[in-house]
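*Asks:* Right, I'll just put the structure down here and ask away after.
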């Protein structure tokens with residue numbers, strides 16, 4: 001059985017979408033996988049409550065108590081490793097985890113570390129993606145699921161969803177429409193990644 005470990009920092013709506021899909025589709029039988037743990041760098045992350053209510057182990061690792069980014073990432077990697085099944089390393093899913101990870105962490109989990117970004121990568125990496133898409137006059141926006149590489153918001157693309165950018169869109173209205181697509185493509189992309197492996 002392959003364990004999935006999801007990292008969050010806030011409400012965890014993408015995490016919830018993955019958990020709901022995993023329980024609805026019986027991933028344990030279909031893909032030999034289950035969501036085993038949700039880890040947050042913030043104790044007040046609302047997504048932790050959802051995970052607990054669904055019988056998933058939760059852990060909090062506060063990045064503020066570590067002297068460096070490297071020290072935090074090393075502790076986080078050790079915590080994730082606790083959820084490795086015998087002979088099967090865990091799949092690590094970033095779902096609103098608001099930390100830039102060190103290259104050492106990314107290398108350690110290469111090929112099994114995924115993220116979702118609210119733009120059609122490679123366009124608009126980083127923050128404020130929706131406002132930047134509006135300002136650029138884009139006709140379309142969307143979301144991208146990708147494997148994580150050392151370069152921020154890069155790495156092989158696993159899935160994308162496209163939404164039209166409407167004339168009266170604000171960053172908030174566009175973000176809301178993109179988020180509904182994120183909730184669809186992220187569980188699907190993880191399922192396809194598990195199926196391939």
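The values are calculated or read from the model by the stated rules, or taken from the named source; none is laboratory data. These numbers come from a predicted model, not from an experiment. Cβ coordinates were reconstructed from backbone atoms using ideal geometry, including for glycine residues, and neighbour counts include every protein chain displayed.
*Asks:* Regarding segment 95-102, can at least one residue be identified that is in contact with a helix residue (DSSP H, G or I) (Cβ under 7 Å, 6 or more places away or on another chain), crowded, with 16+ Cβ neighbours inside 10 Å, touching a residue at least 60 places away in the same chain (Cβ under 8 Å) and not in a loop (DSSP other than H, G, I, E, B)?
*Replies:* no
*Asks:* Let me ask you something else. Would you please list the contacts, defined by Cβ atoms under 7 Å and residues six or more apart or on different chains, that run from a residue in segment 21-48 that is at negative phi and outside any helix (DSSP H, G or I) to a residue that is at pLDDT below 90 and surrounded by 15 or more Cβ atoms within 10 Å (Cβ to Cβ)?
*Replies:* Matching pairs, first to second residue: 33/27; 34/27.
*Asks:* Testing residue 5 on (1) closer than 27 Å to residue 126 by Cβ; (2) without any contact (Cβ under 8 Å) to a residue 24 or more places away in the chain; (3) surrounded by 16 or more Cβ atoms within 10 Å (Cβ to Cβ), one condition comes back false. Which one is that?
*Replies:* Unmet condition: (2).
*Asks:* Same structure, new question: Among the numbered conditions (1) without any contact (Cβ under 8 Å) to a residue 24 or more places away in the chain; (2) under 23 Å from residue 117 (Cβ atoms), tell me where residue 90 comes up short.
*Replies:* So residue 90 meets the others, but not (1).
*Asks:* So how many residues does segment 103-114 have that are within 22 Å of residue 127 (Cα to Cα) and in contact (Cβ under 8 Å) with a residue 40 or more places away in the chain?
*Replies:* Matching residues across segment 103-114 total 3.
*Asks:* Sticking with this structure for a sec: Go through segment 73-94 and count every residue that is farther than 19 Å from residue 156 by Cα and not in a loop (DSSP other than H, G, I, E, B).
*Replies:* 11
*Asks:* Continuing with the same structure: Among residues belonging to segment 53-72 that are in a helix (DSSP H, G or I) and more than 30 Å from residue 23 (Cβ to Cβ), point out the one that is farthest from the chain's Cα centre (by Cα).
*Replies:* Step by step, filter segment 53-72, then rank; the result is 65.
One line per residue, one yes/no per condition, for (1) over 17 Å from the mean Cα position of the chain (by Cα); (2) outside any loop (DSSP other than H, G, I, E, B); (3) at pLDDT 95 or above:
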| residue | (1), (2), (3) |
| --- | --- |
| 105 | no, yes, yes |
| 130 | yes, yes, yes |
| 134 | yes, yes, yes |
| 143 | no, yes, yes |
| 153 | no, no, no |
| 172 | yes, yes, yes |
| 175 | no, yes, yes |
| 181 | no, yes, yes |
| 185 | no, yes, yes |
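*Asks:* Considering only residues that are closer than 18 Å to residue 62 by Cβ and touching a strand residue (DSSP E or B) at 6+ places or on another chain (Cβ under 8 Å), which ones fall in segment 83-98?
*Replies:* 94, 96, 97 - these are the residues of segment 83-98 that are closer than 18 Å to residue 62 by Cβ and touching a strand residue (DSSP E or B) at 6+ places or on another chain (Cβ under 8 Å).
*Asks:* Could you check how many residues of segment 149-185 are surrounded by 19 or more Cβ atoms within 10 Å (Cβ to Cβ) and more than 24 Å from residue 134 (Cα to Cα)?
*Replies:* Here the count works out to 2.
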